[in-house]
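Below is one structure, written out as structure tokens, with a few remarks after it.
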Amino acid sequence: MANAIITFNLSQTDFETIVDMAAEGTSYWASKRLVDNTGEGGKYLTYFVTDAEDSKEYALSLAKVEQAVLDLHVKQSLNNYYQDAIRYLVVKGESYDVGSDIADVIIQQACFGEVIYG
């Protein structure tokens, strides 16, 4: 059995890109989406998402979203389109391929521990 250690650090810029893209991507299941951008210089601190189905609110920090991206990368449970964007984010540290659909699955993973919608 082979083991590998993956080092991944989600940048503040990539966190904010994912959050911005998720505002549109999660609209079909999230009834409310708010950003706490009270960090220095307007830096995003927390992304709040409310599930429309059960009204449960989730508070997502950079660390929580970072873990969700890594979990999706390791699980390889999505189709190639999604996995390629996740892989590029983890390996290259770039969020260029993260559109609203990719951001949606990242936020679902962060909230629910899996992708359950769409």
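Things to note:
- Those residues of segment 88-118 which are buried (at least 16 other Cβ atoms within 10 Å of the Cβ) and farther than 22 Å from Ala23 by Cβ, in sequence order: Val90
- Selection within segment 31-51: residues that are touching a residue at least 60 places away in the same chain (Cβ under 8 Å) and not aromatic (Phe, Trp, Tyr). The member of this set that is surrounded by the fewest Cβ atoms within 10 Å (Cβ to Cβ) is Asp51.
- When residues of segment 1-44 are limited to those that are in a loop (DSSP other than H, G, I, E, B) and under 12 Å from Glu66 (Cα atoms), the one modelled with the lowest pLDDT: Thr7
- Residue match in segment 52-74 (condition: in contact (Cβ under 8 Å) with a residue 60 or more places away in the chain and outside any helix (DSSP H, G or I)): no
- First in segment 3-29 and touching a residue at least 12 places away in the same chain (Cβ under 8 Å), second anywhere and among the aromatic types (Phe, Trp, Tyr), Cβ under 8 Å, 6 or more apart: Gln12/Tyr44; Phe15/Tyr44; Glu16/Tyr44; Val19/Tyr44; Val19/Tyr47; Ala22/Tyr47; Tyr28/Tyr117; Trp29/Tyr117
- Of all residues in segment 52-80 being basic (Lys, Arg) and surrounded by 13 or more Cβ atoms within 10 Å (Cβ to Cβ), the one that is modelled with the highest pLDDT: Lys64
The values are calculated or read from the model by the stated rules, or taken from the named source; none is laboratory data. In this text the structure is predicted, and so the values were computed from the model without any measurement. Ideal geometry is used to build each Cβ from the backbone, glycine not excepted, and the neighbour counts take in all protein chains shown.
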